[in-house]
Structure formats: C-alpha cells, structure tokens
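The values are calculated or read from the model by the stated rules, or taken from the named source; none is laboratory data. Fair warning: this is a prediction, and the values are worked out from it, not measured in the lab. Quick reminder, even Gly has a Cβ in these numbers, built from the backbone with ideal geometry, and neighbours come from all protein chains shown.
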There are 2 protein chains.
Amino acid sequence: MTESYKINLDETDLPQAWYNIQPDLPKPLPPYLHPATRQPLGPKDLSAIFPMALIEQEMTQERWIAIPDEVRNIYRLWRPTPLRRARRLEAALNTPARIYYKDESVSPAGSHKPNTAVAQAYYNKAAGIRRLATETGAGQWGSALALACNFFGLECTVYMVKVSYYQKPYRRSLMQIWGAAVYPSPTELTNAGRQILAKDPETSGSLGIAISEAVEDAATHEDTNYSLGSVLNHVLLHQTVVGLEAKKQLALAGEEPDILIGCVGGGSNFAGFVFPFVPDKLKGKERRFIGVEPTACPTLTRGAYAYDFGDTAGLTPLILMHTLGHSFVPPGIHAGGLRYHGDAPLLSLLVHEKIIEARAYAQNPVFDAARLFARTEGIVPAPETAHAIKAAVDEAGRCRETGEEKCVVFNYSGHGHFDLAAYDAYLEGKLEDMEHSDEVLRQALRELPQIHGR
Amino acid sequence: MTESYKINLDETDLPQAWYNIQPDLPKPLPPYLHPATRQPLGPKDLSAIFPMALIEQEMTQERWIAIPDEVRNIYRLWRPTPLRRARRLEAALNTPARIYYKDESVSPAGSHKPNTAVAQAYYNKAAGIRRLATETGAGQWGSALALACNFFGLECTVYMVKVSYYQKPYRRSLMQIWGAAVYPSPTELTNAGRQILAKDPETSGSLGIAISEAVEDAATHEDTNYSLGSVLNHVLLHQTVVGLEAKKQLALAGEEPDILIGCVGGGSNFAGFVFPFVPDKLKGKERRFIGVEPTACPTLTRGAYAYDFGDTAGLTPLILMHTLGHSFVPPGIHAGGLRYHGDAPLLSLLVHEKIIEARAYAQNPVFDAARLFARTEGIVPAPETAHAIKAAVDEAGRCRETGEEKCVVFNYSGHGHFDLAAYDAYLEGKLEDMEHSDEVLRQALRELPQIHGR
C-alpha cells in the first residue's frame, strides 16, 4: 500500500489549551484606544458588548488558556480535523515539494469559523447573555455563530453584507436552519445602517458597515452581546486549535514545515494556523509564513500600519493595524470573506516586524488554482481558501525550478459548496481582476484618524 | 473525557474486496430479459453499453470481488468514512437507543455515489472507452461520475432530470468544474428525448426518461459507454464498501446492530450499507433492515413485484423488481434522488422474501427530522438522507416507549449543501405532502409489459 493521504488524530488528541502568542511577541501589542477619548482602553470599556471572560482573553499575557470541556465536547463533533497530503496536486505540478493542507472544511458550517463561534457562545451563555448579534461577509462567520448559538440555546442576529446576502443565499438558509435571524446589511434597523442607506441606497455593503450595525445592536440591548468572527486577539486565540493540531500531525508525518500559508481577511484562520509555529522561527528554525489576500482588498500588501477604527461608522475602538482606511469599501469580489478594510492587530504587528510575509493575487489566477485543486484533490475550495492554494501552487512551482524538496503546508479554511455561483462566473469568463490605483488607496487613507503623540 | 463521537478506521482498513450477495440469496436472482425477444439476457447483449468486467460483476456468483488498487487509491482520498455516534440526537430524543450513522457525505461529491462511479470509470478506461454517458436525478450521481471520469481522464456527458437541473443548479456547476457536459433532460439530442418533448413539452423529466437518453447516446456511439448510478447488481456490489467498513466500526465500538436503515431511490446506498449484514440475519442473528422511500414514489411499499423496463422508453432490459410502472412520472419532490419508478432487483427480491422491510414517509415529517438532526448533530442532510433519519428517529422513539436499548444505525448517504432551496421551501411551509390514490397507481401499473409463462 502506498503512503497515506490523511493524517488523523484521535479525539483524545484534541488540544487541552489554546495558544496565546502575546507573551512571545518581539514587542508588546500597543493598546486599543477609546474611539472618543483616544485614551488606552480598559476592560470596563468593552464590557458593554463582550463578557469579561473574553475581555480577559483579549488582554492576557498567559501563554496557554485551558479550553472548557463544554467547548471541547462541541469541537469533538468534527475535530480533530484531518491533515491531508495533496499527492495528486503534487503529481500534477510535477514538483519535488511535499504539499499538505489542514482541512477545516469538515466542520458543520464548512469552515474554521466554528472554532471561535463555539467558544464565544459558551462564554456569553455562561455570563447570562440571551442573544448574540454579529456581522458576516461571505456568510461563513454568520453560519458558524448560528450553529454555536443553537448548541448553547442563545438567540442569534446576523447582519449579512448585502452583496453576499444576494450572491450566497444558501448560507442564509443554513443560518436559518440553525435558527438565526438574518438581515441584508446595511439595514433600516440601526442608526449606522440608516445613515449609510441615506448616503448611498445602492451600496453593496461592507464588513465594516455590518460591524457597525451589530455593535450598535449589542450596545443598545442589555441582554445582547456582540460577537466578532476575526481580528480580535481572543478570536485568533480560539483558532490556534488549528495550528496546534497541525503541528502534532506534521510531527506524526515526520515533517518540518518550511512554508506555512493561509488566506487573510481579518486574519483569524491564518493566525490560528501559523501562530503555534511562530515560536519555532523565533528560536531560529527555518519557517516562512505567507498571508495571502486579494488585490481587490490589499490590506497587508498596500495598506498603512496605523491606528484605525474596526468599523465604518467609527463606533469601535481604535486599533493599530494594517488598514486601507475604515471608509474603504472594496468591490464585490467573490471572496467575500476577504473584503475587510483592516487586519488583526497581532497579525499586523508580526507583518510589520517582518516575521510574517504577505502577498496579493487577482481573482482569475486564484480560481485557476482552485480548479486545478478540485480536479486533482477532488474537493472544491471556497474562493477565500483558493487564495492560499494559489500561493501553495506557486511555491511548489518554485521548488520544481530549484529542485528543492520543501514541505509546503496551507490551511484549507473552507469548502466552496456555497460559492458555486462564483465558479460559474469564473468558468463563463465573467470574473474581473481588480487592481486599485495608488490614488484610490491614498484617498481612502486620508480618512485615517490622526492619533497625536503616536 | 466522555466517550467518543466518531469511530475512524485507518486507510489500511479500507476493504480489499467488495461483497457480492448473490451466492447468499435465499433463491437465485431471475435473469434480465431482452426488451425485444423477452428471452434471458446474455453478457453479449450488454456489451454495447458496458465493459465486460462490469458485465461479469453483474452476473458472477463469486462472493468476494477484489477491489483494484487504482480504485482503492482514489477511495483513499476520503475513505474509510467515519461512523458517528449521534449522542446529541439521542439526548434530544431522550431515548435509551444508541444511534450511529455512517457518514458517506465526506466524499468530494458529498454522497456515497463515488464508490461505484470510481469503479465504473476505472473499468471503462481499462476497456479503452473514451466517454461515459449517464443520467442524474438530484445531481448526486452525475457529479460523482464527473469526478470519477476526471480522475481517469474520461469525457463525461450527463443527462440531468429537468426539475433537478433547475432546482439544484449548483450540482450542475460542480459537474462542470470537474469537466462534464450537462444537459437538462429530456433533450433534443436523442430520439427518446425528442419523443417525450413532442408529447409533453412541459415535462419536469424523470430518471426513467434521462436513462433512455443516456442509454441511446451510449448505444449509438462506438467510443462511449453507459454508466448507471444505482439499480444494477455491480453498482450495489461497489457500494458494499460502506457496509463492510461500518461492520468493522461497529465491532470496534462493541456493538451488535439491531436495526439498519437507509433511504431507497434505486437502492444502492441502502443495499451497499445493509447487504454485508444480511448473512448475519440468515444465520439467525437479530437484524432488522428498513428501506425508506417517499410517499410520492412508493415503489417498495405500493409497487408491484414484476418484470418492467428500467427506463421510460423501453430500451433497457426487463428486470424483475418492485416497480410503479416504467411510465410512472413521480411529482417533483425535493428528494430528487428518490424519484425512480423501480428498485434494484437484488433489493426487490429481498423485500419480496421479507428479509428486508420497507416504509414510506411524506416530505414534511422527513424535513422535521432533518431539521432536528441539523440542530442536534450540526450537519445538514440531503433530503434523500433525511428519509433514513426520519425512520431512525421513529425507531429511537419506540425505544423510548418500550425502554429497549436498541442499536440503531443508518446510512448518512449525503449532505444537503446543494439542497438548501428545499429547506427554504420547508421553512416557508411550501412543501406538499403527496399521497397517491390507488387509482393513479393502478393506472400506471396497467402499462407493465406482459411476460408470458412467468
């Protein structure tokens, strides 16, 4: 029998604790600032929309945070997820590289998102909260939170970016099957939404706008909290189950990963996958980390590293991150989950410190890689995930030229079963490759808030 | 740590051979008859549309058929599939029963169908065939064959039942991603299709009609063979990998299954799942086998056990099976994969001999069970699969009343990711529960061919 295609772990191998990278950073993470006073934020400032347990996880310097049994018992419905060897893709590329992918698409929601959704629902339920409000882009986060709320008996309200709501109606169905209420954002339900609609009734919406609506909903209802699917430290923390499992699995395969790759929207699937490997690099091991984003929303490759709002309306704290400016509204590309104007502050710091690399690709080459993957490995990736596949294909191609037998590992963050309209558009040659002019990006950055003394 | 949710097998546990139930039947399977002469069919009669290797598998009395390495190496992309314990469903039902399900939804096509598609593509390629033609109902079979043809470098032409083509466009996309040509059936491409359209231009199509078109395509093209996704003996044979794995997994869990359940369209997922357990019952072990079908197409529960054509146009051999008559066109229910007028002859014989039970359910109670399953286990089943879930829920409910701690196992034949429009219709209260009058069924059965001397 030839070598195996999958490296599975037992449920007993499920990590007991999440990995917090904060104590291992080359320099401390600058504080969030209050949107009004511009002063460093304290735990109290976040308590209107988050439970204290998550606020503590947001700020703690503890390296390991125990995963509650209630959370691990939900994880066990689909975790540990398989690490797969892409032998057929390797053969098609005629590369000496060994390509692996961590398959997070096997969760009920079809992506990595439930890893933090389940944790957030648990801590909110434990804090006596009755309802969670959130935003969603492609619908992956919204469906994950709907699933998690269903498991813990919480109500769930989802503000879904309008362009995705209509491009991907089936993710909306999925949220409704799990009992969530879903609205196309911007809505008339919030001040933030009404203001945007007054300015531009035809807006396709954006993650930033939807965040404003969900935050306002939570801040104005006593029994309701807000839940974010990416960007924040505690979200990235929960996603480290992905990298911790992958590390065990690569060890079982006798591999030392040379290149680790993930797509970047807010940064949570990428960070959750690579952060557990970062200490190896800080200790001197050869590791390259590549975050991949769309040229239509090039936050890491062309954004500024500056304080900015997490949302469009300027309701959230100011965060030091890579950003295109909170007023930037990316075009309605099919990788809806990568249409965010900023990036996770932890990821942004590590990119700024040159510990993590970033690169951007246009839609058509990304879908070329996605189709090659579907034709070789069989499974059809989400457009977001296809960005990581494109980078893995390019790196494996370089190995073909140089003859290097590198170990390339990427995070297969989600399947494309609800994105087939995007594949139709691709197969019909209707996808546009979007490259922003410097002027457009400069214009957006002009609206960055001026933070004095920083 | 509480007990596990999944029973996984290693790739090395993948079965080495398929199980052929023919030598273990209580009485031999009556022969297929030639559609024109009505005389028993010989291998030659099938050689125009099938490769000899599959014709031999159709008729052999060998109990075990070795699985070629080329086939096992494709299986290994997703097999062995997990056997899952439905602990959360059990808790929701407050039942003493233990419920397990074999998860065939993890294949790239999202169902059990690739188990035979891969085998059929392999044997046709080995026989020098260049293209395969087939029909598909819900699209699960068509996408499975498109995937398999892609792996072996065969062209693939799919005649897709019109109602499903429009209800489930995303399965069509999936087939196209894997390189297949897909047409809504009936088409103008075949005599069979043109004749139906002349009679009824508005027909929603049926599996029987689509079979006629695919068979005609294959019979009229030298380099093209036909491929069937269910009904025939060799198809059921290939699907026994499902039951053979499940048997190993139940043994690992220390379980003796009391009730095994599957949904029945043509019968292949049900047969592949339960046939490996049938010898246990013949040897006197307590085993109940329940095939579940929709009331809209009640072939096993209300059909005749008689010789009939496999297709609508009367091109295929005559098969002794449970049938509603080859002219029966079932309504366009959402479980498109269960809309076939007949059943596998092997399954029909075992139902006729009372070794296997059958039951029928209407759409709404089936979707009630599907939603309960999605809310407890997380994952969203295909409408076809939901029929099996409904029966498992009912059996577990009986155990709650009697206090019996039965082991109930069903085949989770596919996921519902491409069927969410059906869930929308259900959630909006738009699903009709269809029960045929005796007169309608009598009318359809009047068109059964008269086989003299039988």
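Tell me, which residue of segment A:319-341 that is part of a loop (DSSP other than H, G, I, E, B) and touching a Gly at 6+ places or on another chain (Cβ under 7 Å) is modelled with the highest pLDDT?
We begin by selecting, within segment A:319-341, every residue part of a loop (DSSP other than H, G, I, E, B); these are A:324-335, A:339-341.
After this cut, where a residue has to be touching a Gly at 6+ places or on another chain (Cβ under 7 Å) as well, the list is A:324, A:326, A:339-341.
On the way: A:324: 96, A:326: 92, A:339: 82, A:340: 87, A:341: 91.
Ranking the candidates gives A:324 first.
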Legend entry - Selected residue (criterion: nearest to the other protein chains (Cβ to nearest Cβ)) from residues of segment B:1-28 that are within 24 Å of residue B:283 (Cβ to Cβ) and without any contact (Cβ under 8 Å) to a residue 60 or more places away in the chain: B:16
Inset, instruction - Could you run through segment A:14-42 and say how many residues are within 24 Å of the chain's Cα centre (by Cα) and either closer than 16 Å to residue A:244 by Cβ or not in a loop (DSSP other than H, G, I, E, B) (or both)? - result: 12
Legend entry - Any hit, segment A:170-178, residues being touching a residue at least 24 places away in the same chain (Cβ under 8 Å) and of a type in the set (Gly, Ala, Ser): no
Inset, instruction - Return the residue satisfying two criteria in turn: it lies in segment A:433-454 and is assigned to a loop (DSSP other than H, G, I, E, B) and surrounded by 13 or more Cβ atoms within 10 Å (Cβ to Cβ), and of such residues it is farthest from the chain's Cα centre (by Cα). - result: A:451
Legend entry - Subset tally (residues that are part of a helix (DSSP H, G or I) and touching a residue at least 40 places away in the same chain (Cβ under 8 Å)) for segment B:56-75: 8
Inset, instruction - With respect to residue B:422, determine if the residue is part of a helix (DSSP H, G or I), touching a residue at least 60 places away in the same chain (Cβ under 8 Å), more than 13 Å from chain A (Cβ to nearest Cβ) and farther than 30 Å from residue B:256 by Cβ. - result: no
Inset, instruction - Give the residue that is nearest to the other protein chains (Cβ to nearest Cβ), with candidates limited to residues of segment A:179-201 that are crowded, with 24+ Cβ neighbours inside 10 Å and touching a Gly at 6+ places or on another chain (Cβ under 6 Å). - result: A:185
Inset, instruction - Determine which member of the set B:219, B:210 is hydrophobic (A, V, I, L, M, F, W, C), within 20 Å of the chain's Cα centre (by Cα) and away from chain A (no Cβ under 14 Å). - result: B:210
Legend entry - Residues located in segment A:6-54, provided they are small (Gly, Ala, Ser) and over 22 Å from residue A:124 (Cβ atoms): A:36
Legend entry - Candidate set from segment A:15-48 (those that are touching a Leu at 6+ places or on another chain (Cβ under 9 Å) and among the aliphatic types (A, V, I, L, M)); member that is surrounded by the fewest Cβ atoms within 10 Å (Cβ to Cβ): A:17
Legend entry - Long-range neighbours under 6 Å by Cβ, at least six apart or interchain, first residue on the phi < 0 side of the Ramachandran plot within segment A:146-158, second in a strand (DSSP E or B) and surrounded by fewer than 24 Cβ atoms within 10 Å (Cβ to Cβ): A:155/A:131; A:157/A:181; A:158/A:182
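Return a yes/no flag: does segment B:335-344 have any residue that is within 14 Å of chain A (Cβ to nearest Cβ) and not β-branched (Val, Ile, Thr).
Taking segment B:335-344 as the starting set, the residues that turn out to be within 14 Å of chain A (Cβ to nearest Cβ) are none.
Checking segment B:335-344: not a single residue is within 14 Å of chain A (Cβ to nearest Cβ) and not β-branched (Val, Ile, Thr).
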Inset, instruction - Would you mention how many residues in segment A:234-275 are more than 10 Å from the chain's Cα centre (by Cα), closer than 24 Å to residue A:383 by Cβ and not in a helix (DSSP H, G or I)? - result: 3
Inset, instruction - Looking at (1) in contact with a strand residue (DSSP E or B) (Cβ under 6 Å, 6 or more places away or on another chain); (2) assigned to a loop (DSSP other than H, G, I, E, B), find the lone condition where residue A:138 falls short. - result: (1)
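Of all residues in segment B:291-318 being polar (S, T, N, Q) and touching a Gly at 6+ places or on another chain (Cβ under 8 Å), which is farthest from residue B:32 (Cα to Cα)?
To start, the set of residues in segment B:291-318 that are polar (S, T, N, Q) comprises B:295, B:299, B:301, B:312, B:316.
Those still in the list that are touching a Gly at 6+ places or on another chain (Cβ under 8 Å) too: B:299, B:312, B:316.
Working: B:299: 19, B:312: 17, B:316: 10 Å.
Within segment B:291-318, the match that is farthest from residue B:32 (Cα to Cα) is B:299.
Within segment A:348-366, does at least one residue satisfy the condition of being small (Gly, Ala, Ser), surrounded by fewer than 24 Cβ atoms within 10 Å (Cβ to Cβ) and touching a strand residue (DSSP E or B) at 6+ places or on another chain (Cβ under 6 Å)?
Within segment A:348-366, the first condition is being small (Gly, Ala, Ser), and the residues that meet it are A:348, A:358, A:360, A:362.
If we keep only those that are surrounded by fewer than 24 Cβ atoms within 10 Å (Cβ to Cβ) too, we end up with A:358, A:360, A:362.
Next, only the ones that are touching a strand residue (DSSP E or B) at 6+ places or on another chain (Cβ under 6 Å) stay: A:358, A:360.
Yes: one or more hits.
Do we find that residue A:150 is farther than 24 Å from residue A:374 by Cβ, in a helix (DSSP H, G or I) and within 10 Å of chain B (Cβ to nearest Cβ) in this structure? Before you say what the answer is, go through the steps one by one.
Numbers: farther than 24 Å from residue A:374 by Cβ: yes; in a helix (DSSP H, G or I): yes; within 10 Å of chain B (Cβ to nearest Cβ): yes.
When the stated conditions are applied, residue A:150 passes them.
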Inset, instruction - With respect to residue A:222, determine if the residue is in contact (Cβ under 8 Å) with a residue 24 or more places away in the chain, farther than 25 Å from residue A:87 by Cα and charged (D, E, K, R). - result: no
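Quick check on segment A:76-83. Is at least one of its residues assigned to a helix (DSSP H, G or I) and away from chain B (no Cβ under 13 Å)?
First, pick out the residues of segment A:76-83 that are assigned to a helix (DSSP H, G or I): none.
The answer is no; no qualifying residue exists.
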Legend entry - Residues that are small (Gly, Ala, Ser), within 17 Å of residue A:223 (Cα to Cα) and surrounded by 24 or more Cβ atoms within 10 Å (Cβ to Cβ), drawn from segment A:104-145: A:121, A:133
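Here are B:159, B:166: which of them is of a type outside the set (Asp, Glu), out of contact with any Cys (no Cβ under 9 Å at 6 or more places or on another chain), under 27 Å from residue A:421 (Cβ atoms) and in a helix (DSSP H, G or I)?
Numbers: B:159 fails: in a helix (DSSP H, G or I).
When all the criteria are applied, what remains is B:166.
Which of the residues belonging to segment A:292-332 are among the β-branched types (Val, Ile, Thr), in contact with a Lys or Arg (Cβ under 7 Å, 6 or more places away or on another chain) and surrounded by fewer than 24 Cβ atoms within 10 Å (Cβ to Cβ)? Steps first, please.
Quick first cut of segment A:292-332, residues among the β-branched types (Val, Ile, Thr) only: A:292, A:295, A:299, A:301, A:312, A:316, A:319, A:323, A:329.
Still in the running and in contact with a Lys or Arg (Cβ under 7 Å, 6 or more places away or on another chain): A:292, A:301.
Matches in segment A:292-332: A:301 only.
Yes/no per residue for (1) among the hydrophobic types (A, V, I, L, M, F, W, C); (2) at pLDDT 95 or above:
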| site | (1), (2) |
| --- | --- |
| A:96 | no, yes |
| A:129 | yes, yes |
| A:139 | no, no |
| A:161 | yes, no |
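Output the residues belonging to segment B:366-401 that are of a type in the set (A, V, I, L, M) and at the interface with chain A (Cβ under 10 Å from one of its Cβ atoms). Show your work before the answer.
Initially, segment B:366-401 is screened for residues of a type in the set (A, V, I, L, M), giving B:366, B:369-370, B:372, B:374, B:379-380, B:382, B:386, B:388-389, B:391-393, B:396.
Answer for segment B:366-401, where residues must be of a type in the set (A, V, I, L, M) and at the interface with chain A (Cβ under 10 Å from one of its Cβ atoms): B:370, B:374, B:379, B:380.
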Legend entry - Single condition residue A:124 does not satisfy, out of (1) within 21 Å of residue B:381 (Cβ to Cβ); (2) at pLDDT 95 or above: (1)
Legend entry - Lone qualifier among B:176, B:120 - being assigned to a helix (DSSP H, G or I), of a type in the set (S, T, N, Q) and away from every other protein chain (no Cβ under 14 Å): B:120
Inset, instruction - Quick one: which residue in B:231, B:278, B:215 is on the phi > 0 side of the Ramachandran plot and either in contact with an Asp or Glu (Cβ under 9 Å, 6 or more places away or on another chain) or in a loop (DSSP other than H, G, I, E, B) (or both)? - result: B:231
Inset, instruction - Identify, by number, the condition in (1) out of contact with any Lys or Arg (no Cβ under 7 Å at 6 or more places or on another chain); (2) modelled with pLDDT of 95 or more; (3) over 24 Å from residue A:110 (Cα atoms) that residue B:386 doesn't meet. - result: (3)
